[in-house]
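The values are calculated or read from the model by the stated rules, or taken from the named source; none is laboratory data. It should be emphasised that the depicted structure is a prediction, and the values quoted were computed from it without experimental measurement. Quick reminder, even Gly has a Cβ in these numbers, built from the backbone with ideal geometry, and neighbours come from all protein chains shown.
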Amino acid sequence: MNIQKNVSLKELNTFGIDKKATFYAEAHNSQEVIEAITQAEQLGVGIFILGGGSNILLTKDIDALVLKMNIKGIDTVAEDEQYVYLKVGAGEVWHDFVQYCIAHGYGGVENLSLIPGTVGASPMQNIGAYGVEIKDVFESLEAVHMQTKFLKTFSHAACRFGYRESIFKNEAKGKYIITHVTFRLSKQPTFNTEYGAIKATLDEMGIKKLDIQSISKAVIAIRQSKLPDPAVIGNAASFFKNPTISPIHYEALKQEHPSIPGFKTEKGIKVPAAWLLEQAGWKGKTFGNIGVHKDQPLVLVNYGGGEGEAIKQLSQDIQRDILRRYNIQLQPEVNVV
Ligand SMILES: Cc1cc2nc3c(=O)[nH]c(=O)nc-3n(C[C@H](O)[C@H](O)[C@H](O)COP(=O)(O)OP(=O)(O)OC[C@H]3O[C@@H](n4cnc5c(N)ncnc54)[C@H](O)[C@@H]3O)c2cc1C
């Protein structure tokens with residue numbers, strides 16, 4: 001295993017923050033993951049797992065062995081009339097996996113087209129978009145326990161998925177390295193076009209016969225028109241999760257702000273964080289080379305040369321302001337490191 005020293009992570013995180021890893025290596029299989037844990041023990045440092053770097057904000061150099069997940073491969077492990085079960089390496093690029101499924105006619109992930117990052121990170125926050133979350137197609141995953149170096153299989157229930165949540169962001173945080181994820185895809189896909197502008201976009205595209213390919217194309221078109229491309233402006237998309245508040249709290253806010261949107265969920269009323277930030281005047285605010293995106297108030301940006309610490313400070317200023325105005329505590333979706 002080739003371990004490098006003092007490696008810049010600038011090109012390895014979508015915010016484009018220029019911080020260094022004290023040690024850096026890449027893992028191409030489960031054995032190399034175990035070897036990396038041993039190497040880190042010998043070096044006397046911890047391990048930090050890096051996928052595509054699209055959900056992290058680096059505020060300091062990482063004094064650890066940064067292990068970039070490069071485990072590849074998509075294997076069919078089981079099949080029946082209805083479903084196919086694909087075991088996928090943690091280092092596969094998520095969107096490449098989605099394209100693989102579409103090319104093979106396997107339905108379930110088309111609404112999750114173009115989400116940046118790796119397959120291994122997808123269960124971390126139960127990635128979701130356009131009415132679908134990976135929990136809807138997740139079967140199980142394999143992960144190496146960092147202390148015992150044993151491989152453990154996590155079932156769907158064991159992952160405790162929630163909205164942008166899993167056990168890996170809570171009790172199991174920093175304890176496991178996910179090496180493979182198995183998904184259950186449908187051979188007779190049902191289509192999910194209710195969410196957002198999918199239907200309107202399909203109409204605009206003149207799609208007559210609905211299939212997973214056309215849904216993927218519509219989702220890609222919507223995403224490209226809405227979200228800033230990290231290759232142009234550094235960002236990690238939604239910085240905060242949409243908060244859920246009690247019906248009483250929501251009704252009280254509605255008295256004061258009659259246009260406040262709210263969506264009933266099992267846990268209460270979900271309020272779009274973007275609405276709160278826009279109403280509070282954060283949209284488009286710039287502070288030197290960082291700021292809040294001009295069209296997407298939930299997206300904090302690095303225009304170039306920005307510091308992670310300054311973006312973290314901005315996120316905390318926003319949290320304080322939203323708490324003061326609406327009595328709502330926003331939680332970050334991005335992992336602040
Ligand atoms: C333009 C843009 C659009 C986005 N749109 C969406 C969206 O629509 N929906 C959505 O849910 N997210 C979205 N995201 C967020 C992001 O794409 C996802 O969270 C993605 O799953 C992160 O993958 P990654 O490989 O880049 O993870 P990283 O940023 O590399 O890592 C994220 C966290 O997971 C840990 N980790 C990564 N891989 C592993 C592993 N194999 N084992 C253990 N821990 C691991 C890391 O240590 C870190 O704590 C978007 C981001 C961007 C930049």
Unmet requirement for L114, which otherwise passes all of (1) crowded, with 22+ Cβ neighbours inside 10 Å; (2) of a type in the set (A, V, I, L, M); (3) within 9 Å of the ligand (Cβ to nearest atom): (1)
Matching residues in the range 50-80 - criterion: being closer than 25 Å to R184 by Cβ and either of a type in the set (A, V, I, L, M) or at pLDDT below 95 (or both): M69, I71, I74, V77, A78
Anything in the range 2-28 that is within 15 Å of the ligand (Cβ to nearest atom), among the charged types (D, E, K, R) and without any contact (Cβ under 8 Å) to a residue 60 or more places away in the chain? List them, or say none. K10, E11, E26
Determine whether the range 95-102 contains at least one residue that is crowded, with 17+ Cβ neighbours inside 10 Å, over 14 Å from R184 (Cβ atoms) and of a type in the set (D, E). no
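Which residue is farthest from A121 (Cα to Cα), if the candidates are limited to the range 66-96 and must be polar (S, T, N, Q) and without any contact (Cβ under 8 Å) to a residue 60 or more places away in the chain?
T76
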Which of the following residues is in a helix (DSSP H, G or I), surrounded by fewer than 21 Cβ atoms within 10 Å (Cβ to Cβ) and among the acidic types (D, E): D321, D295? D321
Going by the structure shown, is E194 in contact (Cβ under 8 Å) with a residue 40 or more places away in the chain, farther than 28 Å from G51 by Cα and among the acidic types (D, E)? yes
Residues that are of a type in the set (V, I, T), out of contact with any Leu (no Cβ under 6 Å at 6 or more places or on another chain) and more than 13 Å from the ligand (Cβ to nearest atom), drawn from the range 77-111: V77, I102
For the range 97-146: of the residues being touching a Pro at 6+ places or on another chain (Cβ under 7 Å) and in a strand (DSSP E or B), which is nearest to G196 (Cα to Cα)? G107
Residues of the range 117-144 being more than 10 Å from the ligand (Cβ to nearest atom) and over 21 Å from S155 (Cβ atoms), in sequence order, are G131
Hey, can you tell me all the residues within the range 199-220 that are surrounded by fewer than 19 Cβ atoms within 10 Å (Cβ to Cβ) and either modelled with pLDDT of 95 or more or not aliphatic (A, V, I, L, M) (or both)? K199, D203, E204, G206, K208, K209, D211, Q213, K217, I220
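Rundown of residues vs (1) surrounded by 13 or more Cβ atoms within 10 Å (Cβ to Cβ); (2) touching a Lys or Arg at 6+ places or on another chain (Cβ under 6 Å); (3) closer than 19 Å to L330 by Cα, yes/no style:
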{"residue": "T193", "(1), (2), (3)": "yes, yes, no"}
{"residue": "I222", "(1), (2), (3)": "yes, no, no"}
{"residue": "T244", "(1), (2), (3)": "yes, yes, yes"}
{"residue": "S259", "(1), (2), (3)": "no, no, no"}
Pairs needed: first member in the range 144-173, under 17 Å from E333 (Cβ atoms); second member anywhere, within 11 Å of the ligand (Cβ to nearest atom) and assigned to a helix (DSSP H, G or I); C-beta distance under 6 Å; at least 6 residues apart or different chains. none
